[in-house]
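*Asks:* Here it is, the structure in full.
Since every read-out is calculated from the coordinates, none of them should be taken as a lab result. This one's a predicted model, so the numbers in the text were calculated from it and none came from an experiment. FYI the Cβ positions are ideal-geometry reconstructions off the backbone, even for glycines, and counts take in every protein chain you see.
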Amino acid sequence: MSLPIFNFTKIESTNDFARSLITEHKIFKGIIIADEQTKGRGRYGNQWSSPIGNLYFTIFFPILRTNLKKIQFLVQLQIRNILKSYKIKNITLKWPNDLYINKKKVCGILQESIVSGRFFLIVGIGINVKSSPKIKKYPTTYLNKETKKKINLNELVEKLKKAFVSNVIDKKYSLKKIAKNWNKYAFNINKFINFKINNNCLLYTSPSPRDLSTSRMPSSA
Ligand code: BTN
């Protein structure tokens, strides 16, 4: 699959740029990478600290609306596999979109969907590679520290690209398999996410008090 790649030394936000490519330039899939972001965004309107040396990667592509929710779990699992390829241990997944190493946040994912004729998914991934910000609410870490090596950013980008092309974009998703794997690596083993299909809807219950609601999506699974 050919995915155009947009490389920036500096950009406001790779996710915002993806949005403008879809809506203004009618480019419907691609990858955006930046060395640093000046307005990096996290979830809940938070800022995402984006100095040089860490990874800022956004991939966007058309998607069936019915697959939107499932993909967020699959993406976390793909990133977990990539981190594992660096022989990192104790990698866990935290609701809704974070990855932790030894209970310290190393990666955040900002998934956004837009409708512009069709549905498009924008997946923004931030991985702490060379440094991690000090955050009051949770501890953080970075890959070079955990691996005691200097991780090559280009290699990391290639791994991400390959994972999306081989296992995510235009694939059929088995909710059963995704749910089983996700819960296997959940951050807090006593707080599983409850996935179920009911009336052709994907239902899941979040373990986080902040998101403690049942979310409903029409599902094809
Ligand atoms: C979070 O944990 O709150 C999500 C952080 C997502 C950060 C990434 S970095 C690449 C992409 N561009 C952004 O502005 N945000 C995402």
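*Asks:* Determine ³J(HN,Hα), in whole Hz, for all residues of the stretch 60-67 in sequence, where each value follows from phi through the Karplus function 6.51 cos²θ - 1.76 cosθ + 1.60 and θ = phi - 60°; x replaces Gly and Pro.
*Replies:* 9, 6, x, 8, 6, 4, 5, 9
*Asks:* List the relative contact order of the stretch 1-150 as a percent without decimals, with contacts defined as Cα pairs under 8 Å and 6+ residues apart.
*Replies:* The normalised contact order for the stretch 1-150 reaches 21 percent.
*Asks:* Under a crude label model (7 Å from the Cα following the beta-carbon direction), how far is Lys136 from Ile5 in nanometres?
*Replies:* Simple spin-label model gives 4.0 nm for this pair.
*Asks:* Short version: ³J(HN,Hα) in whole Hz for each residue of the stretch 138-145, in order, from phi by Karplus 6.51 cos²θ - 1.76 cosθ + 1.60 (θ = phi - 60°), x for Gly and Pro, what are they?
*Replies:* Running phi through 6.51 cos²θ - 1.76 cosθ + 1.60 with θ = phi - 60° gives 8, x, 10, 8, 9, 4, 4, 6 Hz.
*Asks:* Using the Karplus curve 6.51 cos²θ - 1.76 cosθ + 1.60 with θ = phi - 60°, work out ³J(HN,Hα) for each residue of the stretch 170-184 in order, rounded to whole Hz, and write x for Gly and Pro.
*Replies:* Karplus values, whole Hz, x for Gly and Pro: 6, 9, 8, 10, 8, 4, 4, 5, 4, 4, 4, 5, 4, 5, 4.
*Asks:* Could you compute the net charge surrounding Pro4? Neighbours are other residues with a C-beta less than 12 Å from the C-beta of Pro4; K and R count +1, D and E count -1.
*Replies:* It works out to a net charge of +2.
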